[in-house]
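The values are calculated or read from the model by the stated rules, or taken from the named source; none is laboratory data. Small disclaimer: the values here were computed from a predicted structure and weren't measured. Methodologically, a virtual Cβ is constructed for each residue, glycine included, from the backbone with ideal geometry; neighbour enumeration extends over all protein chains shown. These accessible areas exclude ligands, DNA and RNA; they are computed on the full protein's heavy atoms, side chains included. Shrake-Rupley method; radii C 1.70, N 1.55, O 1.52, S 1.80 Å.
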Amino acid sequence: TSTGLKQCLEAGARTFGWAEARQRHAAQDKNSLVRRGVGMAAGLWFVGGGGPPSTIVLKLFSDGSVNLNMGASDLGTGTKTVMALVAAEELGIPLDKIEIEHADTGTTQYATPSGGSKTVPTEAPTVRAAAISVKQQLLEMASKELKLDAVSLVFQDGSIAPAKDPSKSIKITDLSELKKRGVVVGIGYRGPNPENKAIIPLAAQFCEVEVNTKTGEVKILRFVSTNDSGRVMDRLTYDSQVIGGITMGIGLAMTEYRVLDRDQTGRMLNRNWHDYKLPTALDVPLEMTSLPVDREDSQANSVGAKGLGEPVTIPTAPAIANAVYNATGIRITETPISPEKLCRLLAEKRKEG
């Protein structure tokens, strides 16, 4: 439905200073103990377009407040924030007037699991559909009060007015029928994705590393991640997803390793998280740049967004491996790139030389 990979590659290379960095590192002393290198990689995520089923119940009360009822959970990714933003945008009401009721099997609607980088493209269009249902009912109420056809009316900042004469507006909270009823309820359902179309998030990443050729230690200096995930719904949560995705990818590339009893039980022998070695703040670069390619995808869904969280992780380890190759001339195709492994490979290369 949309392909922003070219923009990811071009914008990422420009922001990173790819050509300049390549020239700088090519001029290094090949016999120096510490060598720097740069690498990049690109990737796509085969899901991330979302899809049915999803149901949202949206209630607008006579005081102008809203209750948004959804089954989807928020895993810390900002789902509640994004859904509130969609409702606020469609209805023209402030965020602080929206209450989110979610992830309770006793009171909320059915939803698929919040995973696969599909929650926003699944739930956000459903929220929009519910909000549009509420708007249509409000327009019908206003048409009776203003004695005009509903099709001739428009929403503007919490009011409804004739398109040709905005001065004759009426506040939503002043609609007599809404005051009598106390609430308007809109129900939204997630429609199907476009036929014969793939909805694919894309990413390109660039990184710089420093390799100690004596100890095999690799220090990651900086990262730039460019992502085509459709429309940026909320920049703060977007950037947080990118930083989290890079961090997960660094764990895959550098420290995380499952020790399995392959021959007998198949069990994982890492005893605890200490032995599994997840990356900490000391293992990630201080400089991690999130660079969205903000391309609204109108074919994908009614909000124009594609998945983000997991696509970020895909190019990270390959980009690091390519940077290590640029620094050392050693091509590594297995993770993690541990000091022990790199030391052995460096020693073998010296013997060959």
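So, in the stretch 197-220, how many residues would count as being open to solvent by 20 Å² or more (accessible area, probe 1.4 Å) and either in contact with a Phe, Trp or Tyr (Cβ under 8 Å, 6 or more places away or on another chain) or closer than 26 Å to Asp294 by Cβ (or both)?
3
Among the residues in the stretch 228-237, are any surrounded by 12 or more Cβ atoms within 10 Å (Cβ to Cβ), within 21 Å of Arg14 (Cα to Cα) and among the charged types (D, E, K, R)?
Within the stretch 228-237 (the criterion being surrounded by 12 or more Cβ atoms within 10 Å (Cβ to Cβ), within 21 Å of Arg14 (Cα to Cα) and among the charged types (D, E, K, R)), the answer is yes, since at least one residue qualifies.
I'd like the full set of residues that are open to solvent by 20 Å² or more (accessible area, probe 1.4 Å) and charged (D, E, K, R), limited to the stretch 122-146.
Arg128, Lys135, Glu140, Lys144, Glu145, listed by residue number.
Those residues that are open to solvent by 40 Å² or more (accessible area, probe 1.4 Å) and in contact with a Phe, Trp or Tyr (Cβ under 8 Å, 6 or more places away or on another chain), I need them from the stretch 328-353; list them, please.
Within the stretch 328-353, Arg331, Thr335 qualify.
Could you list all residues from the stretch 276-327 that are among the small types (Gly, Ala, Ser), open to solvent by 20 Å² or more (accessible area, probe 1.4 Å) and under 25 Å from Val34 (Cβ atoms)?
Matches in the stretch 276-327: Ala281 only.
Residues in the stretch 82-121 that are free of Cβ contacts under 8 Å to residues at least 12 places away in the same chain and either part of a helix (DSSP H, G or I) or buried (at least 20 other Cβ atoms within 10 Å of the Cβ) (or both): how many?
Total satisfying the criteria: 4.
Name every residue in the stretch 147-166 that is assigned to a strand (DSSP E or B) and exposed (fewer than 13 other Cβ atoms within 10 Å of the Cβ), in order of residue number.
Gln156
Could you list all residues from the stretch 240-254 that are open to solvent by 40 Å² or more (accessible area, probe 1.4 Å) and either without any contact (Cβ under 8 Å) to a residue 60 or more places away in the chain or touching a Leu at 6+ places or on another chain (Cβ under 7 Å) (or both)?
Gln241, Ile243
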